[in-house]
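K.L.:
Structure in structure tokens, see below.
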Amino acid sequence: PARLVLVLGDHLAPDHPALRDADPAETVVCMAEVRHEADLFPNHRQRLAYFFSAMRHFAAARREGGWTVDYQELTEASGADSLPAFLRAKIREHAPEAVVMVEAGRLSLEAEIREVCEAEGVPLDLRENDHFACSRAEFAEWLDGRKRVLMYDFYRSLRTRHGILLDEAGGPEGGSWSLDAENQQSFGKKGPGLLPDAKRPAASGLSQDVVAMVNEQFPDGWGETESFAWPVTPEAAEAAFETFVTERLPEFGTFQDAMWTQQPWLYHALISPAMNVGLIEPLAMARRVEAAYRAGKVPINAAEGFIRQILGWREFMRGVYTAFHDRLHTDNVLEAHEPLPEFYWTGETHMACVRDVVTQLQEHAYAHHIQRLMVTGLFAQLLGVEPLAVHAWYMAYYVDSVEWVTLPNVIGMSQFATGSLFTTKPYVASGAYVDRMSNYCSGCRYNPKEASGEKACPFTTLYWDFLSRHRALLEGNNRMAFQLRNLDRKTPEALEAIGERADGVRAMAREGTL
Ligand code: FAD
Ligand code: SF4
């Protein structure tokens, strides 16, 4: 054939850029489930099943559309065990005039694929992944010469460029670019009350086969698969998103930061896995949300809040990953070297918040943003865990993990390992924050208000200890001034007791008794 199209598991768009201008008679579509990708991290089985199922659905739909698809299943005895090895074998088998693929979600994989093509003497035609509202080149242009690299500035420029949620004068609809302050309500003491049914899509026969295969192939893998109910086709992703817009988005704005025991879905979209494999397109989603706002169906704090997540944070993280890829793999400005506690894998801890989130992850491979940032991320940061160990855990345990999005979120945003490269300050808080935003503390043996002694909440102890330990680094940062002033109000005796308890907490985390 003239063209070998290599389709990776993270780009399964129905209008795949490498197929748009291709002739089915002159093209072979190559796809592979490989051990190497599955073994990069100790994967949650639901994550593996998600990628493989979405890939098999994509392959089946293309075959139906008349394309030739050469698909390697994981269990093929003679199959290649890595993507570069697979591509090499397929180039030799099909002898194409060119290899065409879309930008990969992991830059190191893209480099390896380039090397294979060079070594085999076949040109590589790398197509832009136009499922992003901002291309790699556009982000580089935005970044050029910029003194501060902040999501807010980027988001503003992207909304203006695409004309999203603007008023007649070209300013922000509602008078403000970000309504973040209106996105932070908790459920109070009464709890969330009756929540809308998340209406998760039932697993298709093909998905059930994949789940069975994954359970068989990864008997010692992490996580359960019984609750597998993710959209794996573009149609299912559209339907899931529509349900979200009509039933959950109106309250999403107000409660997006709130948490509640054994309530994994709340008002969240549950759409990141489908977005990350290209089943649904962010700009179209933003326009759909804007239309719901203009039709009076959702309030502005919900519309803007959601659009900020997908056109602001998500696109910004992709740009940051591309621009600062190397630093994200090496920076560790807080010099954090503690090992990741075993309870991140098992959930066996007395800390009710961490236990609830890890148990939820084991069951669903999903936790929402504040659980990621302000429970598991925050605790790892306060404890001083090695950033790449934290990253490996996030890659492993979440159905939606892909390097370009997980790495900057974990290393930069949640662990502050890149310092002020693209965030203004570390996201640090004491147990009081978790207490305010959830009901976790009422079922916990620790007390969020206590910083020392046996009952002290480990978050609260480590929060003050963190501020003391990193005082020199944080001192010049205006946004930390309030927190540091509070630290200064502590007596030397109180600080000593906190230091002692912090040593105890670190020892208990290592021993597995925390
Ligand atoms: P909602 O809460 O309904 O939010 C809507 C959408 O906004 C999400 O689907 C997502 O596409 C986007 N979004 C919101 N915040 C971010 C963000 N910071 N970065 C990128 N997209 C964002 N997201 C992933 O897709 N994969 C990851 O591996 C991942 N790892 C994370 C690790 C940490 C430490 C943190 C703090 C965040 C991480 N996120 C990740 C971002 C965010 O938490 C998830 O996208 C979100 O929770 C997905 O659930 P949802 O679809 O129900 O989202
Ligand atoms: Fe988590 Fe501390 Fe609250 Fe316990 S007291 S649930 S450890 S924040």
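Since every read-out is calculated from the coordinates, none of them should be taken as a lab result. Remember, predicted model here, so these are calculated numbers, not experimental data. Here Cβ is always computed from backbone atoms with ideal geometry, including for glycine, and neighbour counts include all displayed protein chains.
K.L.:
What are the radius of gyration and Dmax of the range 394-481, computed over its Cα atoms and given in Å?
P.N.:
Cα only, the range 394-481: 15.3, 41 Å (Rg, Dmax).
K.L.:
Can you give me the relative contact order of the chain as a percent, contacts being Cα pairs under 8 Å and 6 or more apart?
P.N.:
Computed value for the chain: 16 percent relative contact order.
K.L.:
Mind checking the full-extension length gain between A25 and T68? Use 0.36 nm per residue of separation minus the Cα-Cα distance, one decimal, nm.
P.N.:
This chain segment gains 14.7 nm when fully extended.
K.L.:
Across 10 Å bins from 0, what is the distribution of all Cα-Cα pair distances for the chain, in whole percents?
P.N.:
Binned Cα distances yield the sequence 4, 18, 28, 27, 16, 6, 1, 0.
K.L.:
Continuing with this model, one more query. Along the principal axes of its C-alpha atoms, what lengths does the range 343-511 span, in descending order and rounded to whole Å?
P.N.:
The Cα atoms of the range 343-511 stretch 45, 37, 28 Å along the principal axes, largest first.
K.L.:
Separate question: Could you tell me the extents of the range 136-323's C-alpha atoms along the three principal axes, largest first, rounded to whole Å?
P.N.:
56, 43, 30
K.L.:
If you take the Cα atoms of the range 223-325, find Rg, then find the Kirkwood Rh from the mean of 1/r over all pairs, what is Rg/Rh?
P.N.:
For the range 223-325, the value is 0.98.
K.L.:
With 10 angstrom as the radius, rank K147, K189 by how many other C-beta atoms surround their C-beta, starting from the fewest.
P.N.:
K147, K189
K.L.:
To test your reading of the geometry: what angle, between 0 and 90 degrees and rounded to tens, separates the Cα axis of helix 83-94 from the longest principal axis of the chain?
P.N.:
With rounding to tens, the tilt is 10 degrees.
K.L.:
How far, in degrees from 0 to 90, does helix 492-511 lean away from the longest principal axis of the Cα atoms of the chain, to the nearest 10?
P.N.:
Once rounded, one gets 40 degrees.
K.L.:
Using the count of nearby Cβ atoms within 10 Å as a rough guide to exposure, how do T346, T406 rank from fewest to most?
P.N.:
T346, T406
K.L.:
Right, next: Using R₀ = 35 Å, calculate the FRET efficiency as 1/(1 + (r/R₀)^6) where r is the Cβ-Cβ separation of D180 and D81; round to 0.05.
P.N.:
Plugging the Cβ-Cβ distance into 1/(1 + (r/R0)^6) gives 0.20.
K.L.:
Report the percentage of all Cα-Cα pairs in the range 188-242 whose separation exceeds 16 Å, rounded to a whole percent.
P.N.:
Tail of P(r) above 16 Å: 57 percent of Cα pairs.
K.L.:
Test of understanding: ordering F58, F228 by Cβ neighbours within 10 Å, fewest first, what list do you get?
P.N.:
Sorted ascending by nearby Cβ count, the order is F228, F58.
K.L.:
Once both axes come from the Cα atoms, what is the angle between helix 234-243 and the longest principal axis of the chain, in degrees from 0 to 90, rounded to 10?
P.N.:
Tilt of helix 234-243: around 30 degrees.
K.L.:
Which ³J(HN,Hα) values in Hz, rounded to whole numbers, follow from the phi angles of the range 441-452 under the Karplus curve 6.51 cos²θ - 1.76 cosθ + 1.60, where θ = phi - 60° and Gly and Pro get x?
P.N.:
After applying 6.51 cos²θ - 1.76 cosθ + 1.60, I find 5, 5, x, 10, 6, 9, 10, x, 8, 9, 9, 9 Hz.
K.L.:
State the volume of the convex hull built on the alpha-carbon positions of the range 3-127, expressed per residue in Å³ and rounded to an integer.
P.N.:
101
K.L.:
Now a separate question. Once you place label points 7 Å from the Cα toward the Cβ at R294 and E216, how far apart are they in nm?
P.N.:
5.1
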